[in-house]
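Report on the following structure.
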Amino acid sequence: MKKTLMLLPLAALLASPVLAQGARPGPDANGDGVVTRAEESAEIDRRFAAMDANRDGTVTPEERRAERERMRAERQARVVTEDQFKDRAEKRFERLDANDDGKLTGDERRAGRGGKGPRGMRGPGGPRPEPKAETAAEFRARALERFDRIDANRDGRIDQAERAADRGRMGPPPGGPTPPPAR
């Protein structure tokens with residue numbers, strides 16, 4: 001009870017767009033907290049198929065944009081109950097509370113953001129270069145490179161510790177690094 005009461009004021013601070021989304025498909029098909037290479041491969045195929053609107057085996061920038069808009073609209077329409085929100089906030093709190101003392105220090109909060117600054121920002125903004133058209137093979141290769149980078153012990157599985165270690169080390173966005181803003 002005491003922990004729940006502590007979570008209520010923190011819920012607004014800890015909330016992220018992911019928390020506000022209901023259950024959604026993801027790579028951890030069996031829900032065991034570990035993503036295998038096979039689960040990731042299935043998720044890659046699902047994501048590519050969702051973007052490839054005309055089913056020609058290539059995702060164009062327009063198809064990518066349309067999928068982002070569809071997902072944005074879906075997030076906006078999603079309803080989350082108070083119990084779902086509290087449950088996710090409690091799980092996030094427990095994940096961030098590295099020493100299990102029932103309190104979050106500034107260091108624990110920063111570690112949860114992957115060392116990023118306020119509101120998860122990583123640096124100068126500005127428009128990213130538009131990604132080029134990409135085949136299913138290129139999409140798969142890029143996604144599996146990311147999987148391999150996160151799979152630090154090379155066992156074909158990404159666990160919670162590997163995900164936490166990777167936060168903040170996302171690498172360049174698709175299409176290369178973001179150029180500095182024009183002055």
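Any read-out appearing in this document is the output of simple, stated calculations on the displayed coordinates, not a laboratory observation. Predicted model only: the values in this text are computed from it and were never measured.
Return the long-range amide H neighbours of residue 158 (sequence gap of 5 or more, or a different chain), with a cut-off of under 5 Å between placed amide H atoms.
35, 36
How would you classify region 17-106 from its alpha-carbon gyration tensor, with a ≥ b ≥ c the square roots of the eigenvalues: rounded for a/c under 1.5, else prolate if a/b is greater than b/c, otherwise oblate?
Since a/c reaches 1.5 and a/b is larger than b/c, the shape of region 17-106 is classed as prolate.
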